[in-house]
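So the structure is just underneath, and the comments pick up after that.
The values are calculated or read from the model by the stated rules, or taken from the named source; none is laboratory data. None of these values were measured; they are calculated from a predicted model. Glycine also receives a Cβ, built like all others from the backbone with ideal geometry; neighbour counts cover every protein chain displayed. All accessible areas refer to the heavy atoms of the entire protein, side chains included, with ligands and DNA or RNA removed. Shrake-Rupley method; radii C 1.70, N 1.55, O 1.52, S 1.80 Å.
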Amino acid sequence: VSPVHGALPPRLARTALELFLPRGIRGEAILGDLDEEFQGICRDRTRAEAGAWYRRQALRVIVGYRLLGLLDPSRRGVGGAESGGALQSGYATVLDDARFALRRFAKAPAFTAVAVITIAIGIGANTAVFSVVDAVMLRPLPYPNADRIVQVWQTNPDYRAERSLPYDDFSFNALDYVEYERETRVFDEMGFALRYADEGFGTLDLGDGPPESVGAWGVSSSFFDVLGMPPVLGRAFTAEETAPQGEMRWTPVVILSHDLWMRRFEGDPGVVGREIRFESAPATVVGVLPEGFQFPVLSFMGAVAAPDVDIFVPLYYQALYQPQQPGRFRQFLVTARLREGVSVEEADSDLARVAASLAVAHPETHTGWRPIAKPLREIAGRGFETQLLALMAAVGFVLLIACANVANLLLAQGATRRSEMAVRSAIGGGRRHLVQLLLTESILLASTGGALGVALGQWGTRTLVRLVPADMPGGGDAGLNASVLLFAVGLTLLTGVVFGLLPALRGSMLNLVSDLRGGRGEAGARGEWRLSRVLLAAQVAITVILLVGGGVLGKSFLGLNSQPLGYDPENVLVASLVQGAHHPLRVINPADSAQRQALWQRKYDLLERLSAIPGVVSVAEGHPPLKPRGGYFPVQFTEEGEDRAERDLTELLRHDGHSHRAWRRAPAQGRRERLEALLVGHGLQRSDPPVLQGTGERNVRRTGLAG
Amino acid sequence: MMARKAEIGEFEQLVLLAALRLGDDAFAPDIARVLEERAGREMSRGTLYAALDRLEGRGFVTWAVEGPTSDRAGGRRRRFSVTPSGRDALAASRRVLLALWDGMEHLLPEEGA
């Protein structure tokens with residue numbers, strides 16, 4: 001037989017084998033066997049096939065022979081013999097070590113409890129935060145071809161600077177949308193969405209109880225096609241339903257979310273064609289969306305949102321088409337699906353081409369606007385990645401502190417166990433086995449703590465979900481799932497090794513003579529002391545980092561809700577009435593002044609009654625009501641009302657004499673005037689004054705009244 | 001305990017039989033080759049070495065170091081042999097099987113040559 005030359009087995013697989021196989025003739029022979037077989041296969045078949053065979057078998061030997069062998073008591077004692085049959089004692093399996101460790105833990109309940117709880121807190125915190133990170137940043141989008149779906153918005157640095165707006169992502173108006181849809185060549189499909197009645201809520205009345213306020217959005221007929229998720233029952237809206245030419249008419253048809261369909265209609269397939277009452281008017285159900293449909297995360301006015309939407313209505317956008325003011329009323333959130341093979345950059349340059357032609361046609365309104373396409377994936381975590389990663393780092397540090405604490409406990413224990421270790425060593429337990437024993441103990445501790453930690457994490461996740469801003473996309477879906485569990489298990493094992501390794505190595509360093517005698521070697525004691533001090537110093541250092549980081553983090557993460565609002569929310573209450581017949585998509589015909597007068601009269605009446613409530617300083621009516629983050633109109637008001645865009649808005653708020661007093665822009669220097677006002681949301685229907693909630697809330701509070 | 005000791009898993013039985021058949025040439029790769037020819041598919045070396053360890057632990061096989069040999073670049077190898085108690089275990093398994101099969105052959109489908 002020719003000696004080994006030429007063909008060598010795959011290097012990585014062979015190195016792994018060398019690492020995992022036992023020392024001595026046993027491992028050497030197996031390695032040799034596999035080399036020999038590899039050579040044989042090389043002669044009969046191709047190198048690639050032989051290499052694949054070798055890798056496969058190496059993996060099987062490592063896992064099936066070596067790793068599972070550690071758990072197999074019937075193979076105990078089979079280890080380092082130089083010839084067969086001579087069984088050696090003292091090569092206990094991991095299972096034996098685990099059994100021993102459990103007995104030890106039972107004998108030291110206080111130590112065990114402290115260690116387990118410490119680890120549980122560390123792992124619980126990490127699991128909770130990871131659940132949120134997973135839900136917001138890692139979970140794949142539910143749409144087919146999700147990587148080709150983009151949101152299109154436009155930026156205009158000059159426009160932004162003039163109005164000192166805090167955001168730079170503007171939506172489109174109807175005119176622009178029509179232009180872009182006709183002129184661009186990079187999209188398979190373009191669609192848009194708009195919050196129903198500005199608020200994104202509407203009342204659903206099924207006649208079987210009080211009316212329910214549900215998330216509602218208006219969408220274009222193409223919207224569900226863009227996302228690749230058409231209704232599973234019934235149909236999507238037709239082009240006629242969404243853009244009737246010429247007349248002011250809203251087609252009373254709705255599409256239901258799967259969730260609403262299950263919840264309120266018990267999944268009845270006969271729901272299509274049924275008439276329901278939406279916003280106090282009859283509407284026909286034409287479709288039901290598939291399970292798992294999620295309203296896409298969209299970005300507007302500097303905020304991202306993934307609202308829970310239960311009812312979709314056709315967006316009658318011709319009503320919003322105002323040829324006399326083509327540059328205004330930017331409300332359309334545009335979503336589009338890129339053509340196969342078209343990059344985002346190509347889409348941007350195509351959009352720029354259309355923008356340039358628009359700027360030529362309407363220089364006064366369209367100069368300086370630059371549309372850009374953003375993949376949905378990039379929008380999803382926008383604005384939250386930094387906070388989430390910072391939070392992840394913070395809980396990582398907490399776990400490190402926990403590890404250091406437990407390591408210190410173990411070190412202290414190790415000092416009292418030197419005699420035990422010395423005896424084990426004296427009767428033939430090699431250092432490798434001592435380390436194995438001690439590591440088994442720590443991994444067992446970590447696993448118990450980890451299991452408890454996952455339970456704690458569940459609770460922590462629920463708390464965290466309540467703390468995250470409501471508009472954090474996907475934040476509400478955070479919870480235990482396979483990837484979170486995998487993360488927790490991996491973290492647990494890592495934790496066990498991190499806090500166990502140092503004490504294990506330390507504990508297995510023995511001075512047989514002095515340790516057997518029961519005394520503690522001078523050097524050993526000194527070493528432990530030093531190690532312990534290093535761990536303590538590390539803990540203090542990490543704690544300081546955490547405290548500093550925690551302050552910043554608490555402010556930025558939990559404080560997301562209290563970003564500068566442009567007004568002082570102190571003592572301001574918002575009551576919002578969900579009303580029936582009135583909403584901007586189908587109601588007031590701006591030309592019908594009698595209709596407007598009647599509506600306003602009703603509002604005045606209510607405002608009068610509200611201002612008579614003791615303690616109310618001032619009452620204003622706003623449309624839309626204030627929003628902490630995002631909304632269609634910038635929540636900034638000027639007394640002068642010089643600025644065109646803002647003047648229109650201010651006008652809306654100035655129907656009664658009070659609003660002028662109630663609304664004040666925060667001075668630029670940052671000093672804010674104290675406002676004491678009660679703000680009542682858009683259109684009112686019910687004549688009773690709304691129930692008021694407590695004053696002095698941190699944030700503007702909305703009181704939703706269905707009626 | 002004795003009864004349990006005589007019990008032997010099916011795969012281990014096959015490994016023992018292969019080693020017995022190979023006689024003086026019972027190296028692990030040869031055992032694998034015999035079993036693969038019989039089964040008609042690739043078998044896991046991990047399972048094989050684990051079975052050999054178990055058989056060794058129960059005293060059914062033993063091995064001797066051979067080498068260093070020139071064809072393995074100086075590496076040594078193990079030559080396995082079935083011990084007398086290994087043969088006993090095989091004989092016991094065979095007896096049990098034959099006893100169970102006794103009078104049942106007619107239930108089997110006809111086997112082609």
Scan B:70, B:44 and give me the residue that is within 12 Å of chain A (Cβ to nearest Cβ) and modelled with pLDDT of 90 or more.
B:44
Sort out which residues of the range B:73-106 are facing another protein chain (nearest Cβ under 8 Å) and modelled with pLDDT of 90 or more, and write them in order of number.
B:78, B:80, B:83
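Is there a residue in the range A:454-476 that is charged (D, E, K, R), within 30 Å of residue A:200 (Cα to Cα), at pLDDT 75 or above and out of contact with any strand residue (DSSP E or B) (no Cβ under 7 Å at 6 or more places or on another chain)?
Pass one, the range A:454-476, residues charged (D, E, K, R): A:462, A:466, A:471.
From the residues that got through so far, the ones that are within 30 Å of residue A:200 (Cα to Cα) too are A:462, A:466, A:471.
Going one step further and asking which of them are at pLDDT 75 or above, we end up with A:462.
Next cut, out of contact with any strand residue (DSSP E or B) (no Cβ under 7 Å at 6 or more places or on another chain) only: A:462.
The answer is yes; a qualifying residue exists.
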Report yes if residue B:50 is part of a helix (DSSP H, G or I), touching a Gly at 6+ places or on another chain (Cβ under 8 Å) and within 13 Å of another protein chain (Cβ to nearest Cβ), otherwise no.
yes
Counting only residues in the range B:1-20 that are in a helix (DSSP H, G or I), within 14 Å of chain A (Cβ to nearest Cβ) and modelled with pLDDT under 90, the one farthest from the chain's Cα centre (by Cα) is identified as B:4
For the range A:201-222, give me each residue that is under 18 Å from residue A:335 (Cβ atoms) and open to solvent by 10 Å² or more (accessible area, probe 1.4 Å).
A:221, A:222
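Against the definition (part of a helix (DSSP H, G or I), without any contact (Cβ under 8 Å) to a residue 12 or more places away in the chain, more than 30 Å from residue A:122 (Cβ to Cβ) and open to solvent by less than 60 Å² (accessible area, probe 1.4 Å)), how does residue A:352 come out, yes or no? Please lay out each step first, then the result.
Values: part of a helix (DSSP H, G or I): yes; without any contact (Cβ under 8 Å) to a residue 12 or more places away in the chain: no; more than 30 Å from residue A:122 (Cβ to Cβ): yes; open to solvent by less than 60 Å² (accessible area, probe 1.4 Å): yes.
It is false that residue A:352 is part of a helix (DSSP H, G or I), without any contact (Cβ under 8 Å) to a residue 12 or more places away in the chain, more than 30 Å from residue A:122 (Cβ to Cβ) and open to solvent by less than 60 Å² (accessible area, probe 1.4 Å).
Just to be sure I understand, how many residues within the range B:21-30 are more than 10 Å from every other protein chain (Cβ to nearest Cβ) and at pLDDT 90 or above? So that I can check it myself, show each step before the final result.
Step one: list which residues in the range B:21-30 are more than 10 Å from every other protein chain (Cβ to nearest Cβ), which gives B:21-26.
Of the ones still in play, those that are also at pLDDT 90 or above are B:21-22, B:26.
Result for the range B:21-30: 3.
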Please specify each residue of the range A:40-61 satisfying the condition of being more than 10 Å from chain B (Cβ to nearest Cβ) and among the hydrophobic types (A, V, I, L, M, F, W, C).
A:41, A:42, A:48, A:50, A:52
Answer with yes or no whether residue B:34 is away from chain A (no Cβ under 12 Å), crowded, with 16+ Cβ neighbours inside 10 Å and either modelled with pLDDT of 90 or more or closer than 25 Å to residue A:55 by Cα (or both).
yes
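I'm checking my understanding of the structure. Among residues of the range A:7-62 that are within 30 Å of residue A:430 (Cα to Cα) and not in a helix (DSSP H, G or I), which one is most open to solvent (accessible area, probe 1.4 Å)? Before the answer, list the steps.
Start the filter on the range A:7-62 by keeping residues that are within 30 Å of residue A:430 (Cα to Cα), which leaves A:11-35, A:57-62.
Among the residues that remain, those that are also not in a helix (DSSP H, G or I) are: A:21-24.
Numbers: A:21: 7, A:22: 17, A:23: 139, A:24: 36 Å².
Going through the qualifying residues, I end up with A:23.
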Can you tell me how many residues within the range B:39-55 are closer than 19 Å to residue A:53 by Cβ and surrounded by fewer than 22 Cβ atoms within 10 Å (Cβ to Cβ)?
7
Go through (1) open to solvent by 20 Å² or more (accessible area, probe 1.4 Å); (2) facing chain A (nearest Cβ under 8 Å); (3) modelled with pLDDT of 90 or more and name the single condition residue B:58 misses.
(3)
